[in-house]
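Please read the structure below before turning to the comments.
The values are calculated or read from the model by the stated rules, or taken from the named source; none is laboratory data. For clarity, every value in this text was computed on a predicted model and none was experimentally measured. Glycine also receives a Cβ, built like all others from the backbone with ideal geometry; neighbour counts cover every protein chain displayed.
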Amino acid sequence: MSNSQVIDCDFDYYSPKTVEEALEYLKSEGVKVLAGGTDLLNDIKTGEIVPKALVSILGINELDFVEFEHGFRIGPATLLCKIEEDDRIKKKYPALCEAVNSMGGMQIRNMATLGGNLCTASPGADAAPPLIVLNAKVEVSRKNGRGEIERRTLPIEEFFTGPKKTVLEQGELLTSILIPEPDASSGSAFIKIGRVKLDIAKINCAVYVKGEGDICKNVRISLGAVAPKPVRAFNVEKALAGKKLTASLLAEAAEMVSQDISPRNARSTAVYKTQAASVLIQDTLTTAWNRSGAGREVKE
Ligand SMILES: Cc1cc2nc3c(=O)[nH]c(=O)nc-3n(C[C@H](O)[C@H](O)[C@H](O)COP(=O)(O)OP(=O)(O)OC[C@H]3O[C@@H](n4cnc5c(N)ncnc54)[C@H](O)[C@@H]3O)c2cc1C
């Protein structure tokens, strides 16, 4: 299907001011959430999605917040440009800032939201790997039969179920993203390889690592665009955990990523992606390790 550049269908449009109101509209079949529209409007133009109605969430203050009072909570309607400009996020969660900063051009980042990136659930969505390694949780809300709002919270890894698929059902809204405080002596980083700067990822990678002296105490690695949904590199993590981090150990462990991924030929070959994944893990982990403590280097 090609993008006709025009919206060739009729639908109702609602602009609620509260989550309660939005959830009421969303109960009906065929009603879709509209955030920045940078993904959804393309899908409507190509005819992939034919909505009965759109519910814009950009006017709902309850969904647009960055809060550091009880851990770090961020609203799904937060624009990407707000995240990349926030020094508190940059300092504590550099992997998330680097991912957001790599997304599209300035025009896209001025319109697109964090929640939209997660709910689209593209296998290469850039915000997913950093949030996975940062141990984020997502809060999903819906209205029950008695008209009360019910909320459930789940680890972000469980949110994605397949390409362009999440656990969200009709009537549900992503209402919050919660990220725990990083440990002392920890660091995070994100690196992406794209065909050109403004393109979506051929492959992306985020790492969170906590060090204790030279020992890699705790490490989480996630990759995008190498499987139907963002994945953890569990085999690589296992090969590194509790060991003295050296360049040769890292190179050896990173090779094990081939057991964690199932890439297909999309934007580059599966062979390329498997080789790139290993190199990307080494680079991203080295940056995260440097950030985990003053002067920490990966030595031979
Ligand atoms: C030119 C261009 C470049 C791009 N570059 C990148 C890139 O480099 N990296 C990248 O990852 N992506 C990229 N994208 C994709 C897109 O911009 C991002 O995924 C963006 O974050 C989507 O956010 P949005 O607010 O525009 O979502 P929308 O398009 O409004 O919504 C996307 C989907 O999420 C649903 N949704 C949105 N919010 C919620 C919510 N709170 N609860 C439930 N469902 C919700 C919508 O119903 C829809 O199905 C690019 C897109 C374009 C057009």
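For the stretch 104-113, name all the residues that are within 10 Å of the ligand (Cβ to nearest atom) and surrounded by fewer than 23 Cβ atoms within 10 Å (Cβ to Cβ).
So the first thing to find is which residues in the stretch 104-113 are within 10 Å of the ligand (Cβ to nearest atom), and the list is 104-105, 107-109, 111-113.
Scanning the stretch 104-113 gives 104, 105, 107, 108, 109, 111.
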note = Exactly one of 271, 257 is aliphatic (A, V, I, L, M), in a helix (DSSP H, G or I) and either on the phi > 0 side of the Ramachandran plot or surrounded by fewer than 19 Cβ atoms within 10 Å (Cβ to Cβ) (or both), and that residue is 271
key: Answer from 141, 222, 176 - the residue that is among the hydroxyl-bearing types (Ser, Thr, Tyr) and farther than 20 Å from residue 113 by Cα   = 222
remark   = Only one of 216, 205 is in contact (Cβ under 8 Å) with a residue 12 or more places away in the chain and more than 16 Å from residue 134 (Cβ to Cβ), namely 216
task = List every residue pair whose Cβ atoms lie under 6 Å apart, where the two residues are 6 or more positions apart in sequence or sit on different chains, the first residue falls within the stretch 123-137 and is assigned by TED's automatic domain parsing to the domain that holds residue 83, and the second residue, located anywhere, is within 12 Å of the ligand (Cβ to nearest atom) and at pLDDT below 95.
result = 124/200; 124/201
task = State the number of residues belonging to the stretch 152-199 that are of a type in the set (Lys, Arg) and away from the ligand (no atom under 13 Å from the Cβ).
result = 1
Hits in the stretch 51-71 (condition: within 13 Å of the ligand (Cβ to nearest atom) and among the β-branched types (Val, Ile, Thr)) = 55, 57, 60
query = Of all residues in the stretch 25-42, which are within 6 Å of the ligand (Cβ to nearest atom) and either on the phi > 0 side of the Ramachandran plot or of a type in the set (Gly, Ala, Ser) (or both)?
reply = 35, 36, 37
query = Failed condition for residue 92, given (1) within 14 Å of the ligand (Cβ to nearest atom); (2) surrounded by 13 or more Cβ atoms within 10 Å (Cβ to Cβ); (3) not β-branched (Val, Ile, Thr), with all others met?
reply = (1)
